[in-house]
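These notes concern the structure reproduced below.
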Amino acid sequence: MGVTYTPNYDLGKQEDHTDKFDMSVITENMDKLDTALADTDSAVSSLDTKTDSISAKLKSVIDTGPKNRIILGFPATTKSGVTATPNDDGTITISGTNSSSSNTVLVFDLWGSAASTTDNKQNPFTQDGVYIMKGSGSDNVRIQFYGYNDDLQLNLLANSASDVEVTINGAYKYYVFRIWIKGSAVFDDLTLYPMCCLKDLYDISPDFKPYVPTNAELYAMIKELGGGA
């Protein structure tokens, strides 16, 4: 019986199919296949471990960097019996009962609103792109997000209780963040996690993280503290 071997895994094969195949060749082939498959499994497992490690490190870099562009800069605000309190960890606590049967909008000077002075009008976005605005997670609350220019005409970009995509493309100079409260809704310290970050970052790490300034923003803050020098 003539036996030849494959070029890659050196598996025996019979050229003359009229002969009875040698069982020792089959056994040898099975051993070679078993070794090759085991080596493949080991390589895949090692690659998965390295990928998980890289993903964990990348997530850590994202979560400790300037991921969230929402800057909380307002005092505790009460309207129609509902109080919104900003917390040191970047969250907002909603408490109380909406005394109005109609829906109430709480306006926070987060980045400056159309009613703010010129000094309060800000744009926290350091680059254009598709962002994710994190929702409230409650049917009684919606996160509202507007863009506007010097004409003070508000343009609704997001109004949702769930996470939603928002495109920032330079169309607006300023932005304002609002919270919509359902009429007669009752809140027992509902925690909101306001966050707006690039979708590419959100896809890797959707976890809430508070605002952290970019290097450019830190530099501007230091210059301002130093009198602009």
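On the given criteria, is residue 114 in contact with a Phe, Trp or Tyr (Cβ under 8 Å, 6 or more places away or on another chain), at pLDDT 80 or above, closer than 30 Å to residue 159 by Cα and not in a helix (DSSP H, G or I)? Can you show your working first?
On the way: in contact with a Phe, Trp or Tyr (Cβ under 8 Å, 6 or more places away or on another chain): yes; at pLDDT 80 or above: no; closer than 30 Å to residue 159 by Cα: yes; not in a helix (DSSP H, G or I): yes.
Criteria not met by residue 114.
Determine, yes or no, whether residue 132 is crowded, with 18+ Cβ neighbours inside 10 Å and within 20 Å of residue 88 (Cα to Cα). Even if it seems obvious, please write down each step before you answer.
Values: crowded, with 18+ Cβ neighbours inside 10 Å: yes; within 20 Å of residue 88 (Cα to Cα): no.
Criteria not met by residue 132.
Residue by residue, here is whether (1) aliphatic (A, V, I, L, M); (2) surrounded by 14 or more Cβ atoms within 10 Å (Cβ to Cβ); (3) under 22 Å from residue 205 (Cα atoms); (4) at pLDDT 90 or above holds:
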{"site": "70", "(1), (2), (3), (4)": "yes, yes, yes, no"}
{"site": "75", "(1), (2), (3), (4)": "no, no, no, no"}
{"site": "91", "(1), (2), (3), (4)": "no, yes, yes, yes"}
{"site": "98", "(1), (2), (3), (4)": "no, yes, no, yes"}
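In summary, residue 85 fulfils each of the numbered conditions (1) outside the structural domain of residue 186 (by TED's automatic domain parsing); (2) assigned to a strand (DSSP E or B) with the single exception of condition (1). Residues in segment 1-13 that are surrounded by 10 or more Cβ atoms within 10 Å (Cβ to Cβ) and at pLDDT below 70: 1 alone.
Taking segment 164-218 and the strands (runs of 3 or more DSSP E) fully enclosed by it, the elements with 1 or more residues that are farther than 14 Å from residue 142 by Cα and either without any contact (Cβ under 8 Å) to a residue 12 or more places away in the chain or of a type outside the set (A, V, I, L, M, F, W, C) (or both) are at 164-168, 174-181, 186-192. Quick check on segment 143-155. Is at least one of its residues in the same structural domain as residue 99 (by TED's automatic domain parsing), closer than 20 Å to residue 102 by Cα, at pLDDT below 90 and of a type in the set (S, T, N, Q)? Yes, segment 143-155 contains a residue that is in the same structural domain as residue 99 (by TED's automatic domain parsing), closer than 20 Å to residue 102 by Cα, at pLDDT below 90 and of a type in the set (S, T, N, Q). The set of residues in segment 171-194 being closer than 17 Å to residue 144 by Cα and β-branched (Val, Ile, Thr) consists of 176, 179, 181, 191.
The values are calculated or read from the model by the stated rules, or taken from the named source; none is laboratory data. From a predicted model like this one, the values you see are computed outputs, not experimental measurements. Here Cβ is always computed from backbone atoms with ideal geometry, including for glycine, and neighbour counts include all displayed protein chains.
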